[in-house]
Amino acid sequence: TAATPTVIMGNTVNVIADTAANIASKPIGIVVAVPIAVMQTSSTVNINNAQITTSEDLVVRSMTDMQVSSIAAVQNLAGIGLGVSVSVVSSTATATLSPQSIVTVGRDLFVQSDVIDRNYTNATAYGDVSSKINIGVAVNVTDLNLLASVDGTANVTRNVNVTTKASKLPVEGQKGIAFPTFYNGVSASASIDPNASFGNPLDDLANAGI
């Protein structure tokens with residue numbers, strides 16, 4: 001025989017799994033710098049062998065918020081500078097009403113899985129005019145898996161909302177001591193003159209050690 005189902009009754013019932021992770025790798029090197037940032041996250045809500053009754057809303061939601069910073073800064077020495085920055089991200093968010101679930105909802109049913117992806121991957125190699133080889137390489141691999149589903153029995157008075165959502169937001173940082181800013185995306189650069197402008201006065205101050 002099947003196990004006795006879990007019975008839940010309430011005005012509004014929220015079943016939520018929330019995962020947040022933050023990783024950063026920011027080496028400053030001479031000749032070579034190779035930061036590798038790897039993150040794997042998983043957030044799962046699976047309503048199985050349960051009976052849920054509400055007089056108002058039922059919310060079944062799985063959320064993952066991940067932030068990855070992989071930054072390489074390399075100074076050329078003996079004519080050679082190599083900066084390689086790599087970030088690898090895998091994230092899963094699942095919100096499911098399984099076949100053995102029975103829900104009776106007085107108002108609206110929400111089944112949602114969502115992922116927030118914050119990623120900044122950057123490589124910079126610089127040296128003086130005698131530099132022979134300066135190379136900057138940045139690589140990002142992102143794998144997002146989202147699932148929201150209703151496989152059980154749902155008796156809903158008003159609306160059934162089954163959604164998945166992936167959002168990309170910047171990584172928050174600052175320039176110098178007191179200048180907040182935001183970073184986003186994948187980029188690489190190589191320069192043969194450490195005194196050249198980076199195109200932004202705040203970056204120039206930061207690279208001058210001010």
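The values are calculated or read from the model by the stated rules, or taken from the named source; none is laboratory data. It should be emphasised that the depicted structure is a prediction, and the values quoted were computed from it without experimental measurement. Ideal geometry is used to build each Cβ from the backbone, glycine not excepted, and the neighbour counts take in all protein chains shown. Surface areas here come from the heavy atoms of the whole protein model, side chains and all, with no ligands, DNA or RNA. Shrake-Rupley method; radii C 1.70, N 1.55, O 1.52, S 1.80 Å.
Can you give the FRET efficiency for Arg107 and Leu144, using 1/(1 + (r/R0)^6), R0 = 22 Å, r = Cβ-Cβ distance, to the nearest 0.05?
With R0 = 22 Å, the Cβ-Cβ based efficiency is 0.10.
How large is the accessible surface of Tyr126 in square angstrom, using a 1.4 angstrom probe and rounding to the nearest 10?
Roughly 60 Å² of Tyr126 is accessible to a 1.4 Å probe.
Could you tally the net charge around Ser43, taking each other residue with its Cβ under 12 Å from the Cβ of Ser43, Lys/Arg +1 and Asp/Glu -1?
With Lys, Arg at +1 and Asp, Glu at -1, the neighbours total -2.
What's the local net charge at Lys168, with K and R +1, D and E -1, over the other residues with C-beta under 9 Å away?
Net charge around Lys168: 0.
Which percent of the accessible area of the stretch 97-199 is formed by carbon and sulfur heavy atoms (probe 1.4 angstrom)?
53 percent
Kirkwood hydrodynamic radius of the chain from all distinct Cα pairs, in Å?
When all Cα pairs of the chain are included, the Kirkwood radius is 20.1 Å.
So in the chain, what percent of DSSP beta bridges are antiparallel if you round to the nearest 5?
Close to 5 percent.
If you plug each phi of the stretch 47-52 into the Karplus form 6.51 cos²θ - 1.76 cosθ + 1.60 with θ = phi - 60°, what whole-Hz ³J(HN,Hα) values come out, in order, with x for Gly and Pro?
With the stated coefficients, the stretch 47-52 comes to 7, 9, 6, 9, 10, 10 Hz.
Report the residues of the stretch 41-79 in range of a label on Ala21: point 7 Å along Cα→C-beta, backbone N strictly under 20 Å from it.
In the stretch 41-79, the label zone of Ala21 (backbone N under 20 Å from the point 7 Å along Cα→Cβ) covers 41-46, 61-71.
Taking K and R as +1 and D and E as -1, what net charge do the other residues with C-beta under 15 Å from the C-beta of Val60 add up to?
Value of the local net charge: -3.
For Ile80 paired with Asn155, estimate the spin-label separation in nm (one decimal), with each label point 7 Å from Cα along the Cα-to-Cβ line.
Label at Ile80, label at Asn155, 7.4 nm between them.
Which cross-chain or sequence-distant (5 or more) residues have an amide H under 5 Å from the amide H of Asp65, H modelled 1.01 Å from N in plane?
The answer is Thr19, Ala20, Ala21, Ile116.
The chain: longest stretch without exposed trypsin sites (Lys or Arg not before Pro) (DSSP loop, at most 16 other Cβ within 10 Å), sites themselves excluded?
1-106
For Cα pairs less than 8 Å apart in space and 6+ apart in sequence, what is the mean separation divided by the residue count of the stretch 23-88, i.e. the relative contact order in percent?
53 percent
Tell me, in nm to one decimal, what length is gained between Ser130 and Ser189 on full extension, where the rule is 0.36 nm per residue of separation less the Cα-Cα distance?
Going from the current span to full extension adds 19.5 nm.
Let me know the charge dipole size of the stretch 1-130 about its Cα centre in debye, to the nearest 20, where only the beta-carbon of Lys, Arg (+1) and Asp, Glu (-1) is charged.
Dipole about the Cα centre, nearest 20: 200 debye.
Using a Gaussian network for the chain with springs between C-alpha atoms less than 10 Å apart, which of these wobbles most: Ala33, Ala154, Ala17?
Looking only at Ala33, Ala154, Ala17, the biggest GNM fluctuation is shown by Ala154.
Mind checking the full-extension length gain between Thr12 and Ile28? Use 0.36 nm per residue of separation minus the Cα-Cα distance, one decimal, nm.
Taking 0.36 nm per residue and subtracting the Cα distance, the gain is 0.6 nm.
Only bridges with both residues in the stretch 56-174 count here: give the DSSP antiparallel percent, nearest 5.
Taking every DSSP beta bridge with both residues in the stretch 56-174, the antiparallel ones total about 0 percent.
For Glu172 and Thr44 in the same chain, what is the full-extension length gain: residue separation times 0.36 nm, less their Cα-Cα distance, in nm?
43.4 nm
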